[in-house]
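Single-structure report; data block below.
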Amino acid sequence: MFLVWLLVSVYLTFQAKSIIFNNQVSWAPVPAYGYSLEFVKNSKQENLSFWFFENQSSDEVILYLHGNTGRLAHFFPELIKEANVLSPAYPGYHESEGKPTIDSVYETAFLAYGWLVQKKGFPENKITILGHSLGGSPAIYLASKKPQAKQLVIINTFSSIQSMCFRQYSIFCGFSGHIFNSAEQAREVATPVRHFAYPRDLDIPFAENEKLFQFFTKSRDKKFFPLDGYTHSYPNFNQILPEM
């Protein structure tokens, strides 16, 4: 029995990459929305795709970190109502080169934040870090390292991959604690937090969001909002935007 447990646990851990990242279904580019495209090299000299959407009436910017299926086209017209928007694609997604890994996802978030500050000249206190679904993990990690950011906004995300794994595979998830452990990183987030979750989400259970929110112990300005209607990939921006 122990050998079966060990073999299945190891197999699941090694298969985590293919299970987590679903870049084969990345959404196609959306040039009709008028973005500018720039490529930024990561530490492996791979070109990462950055989409920047300009809002001339705002001096703020939203850094949108996408989920495991890539950028969601319907997010952009909604977010642009609020501010300028930068949307980087992780390696292997959209026009970005390479293959996605945990480290390369985190690195993409850091490079995008630095690009906003150093190239575009945005003050850190004008940057909202927004993560949807899997993108909540790099968003939380980035916010834990960037306390001067304006705020962290997360939508329909999880506390950790291990917690999600336990819900499906039970005892065979013992070796996955290091994979996108958002709960552990949330302890170090000092920025304001706005956490949104859809109670009837079929992709990430509402309970995962409730569990994660309890770990934002360092932030003195945090709020949790159950979302009315819509779905995991189509959150209610009519409710989200006024709270940002």
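Annotations for the structure displayed:
- Taking a straight line from the alpha carbon of LYS146, these lysines sit under 25 Å away, with near neighbours fewer than eight places off in the same chain left out: LYS41, LYS44, LYS81, LYS119, LYS120, LYS126, LYS211, LYS218, LYS222, LYS223.
- Under 5 Å from the amide H of LYS222 lie the amide H atoms of VAL193, each residue being 5 or more positions distant or on a separate chain, with H modelled from the backbone and absent for Pro and chain starts.
- Where labels lie 7 Å past Cα in the beta-carbon direction, separation of GLU95 and ASN47 in nm: 0.8
- Of all accessible heavy-atom area on the range 199-244, the percent that carbon and sulfur account for (1.4 Å): 50
- Simple point charges give the picture: +1 on the Cβ of Lys and Arg, -1 on the Cβ of Asp and Glu, and for the range 64-154 a dipole about the Cα centre of about 240 debye.
- Taking 0.36 nm per residue of sequence separation and removing the Cα-Cα distance, the PHE224/ASN55 pair yields an extension gain of 58.1 nm.
- Potential lengthening between ASN125 and PHE39 on full extension [0.36 nm per residue; Cα-Cα distance subtracted]: 28.5 nm
- Each residue of the range 220-226 is assigned a 3J(HN,Hα), and the resulting list reads 8, 9, 9, 9, 10, 10, x Hz, derived from the Karplus form 6.51 cos²θ - 1.76 cosθ + 1.60 (θ = phi - 60°), x at Gly and Pro.
- Summing Lys and Arg as +1 and Asp and Glu as -1 over all other residues whose Cβ lies under 13 Å from the Cβ of GLU60 gives a net charge of 0.
The values are calculated or read from the model by the stated rules, or taken from the named source; none is laboratory data. What you see is a predicted model, and the numbers here were worked out from it, not measured in a lab. Note that we place each Cβ from the backbone using ideal geometry, even for glycine, and neighbour counts take in every protein chain shown. The area values use the complete protein model at the heavy-atom level, side chains included, leaving out ligands, DNA and RNA. Shrake-Rupley method; radii C 1.70, N 1.55, O 1.52, S 1.80 Å.
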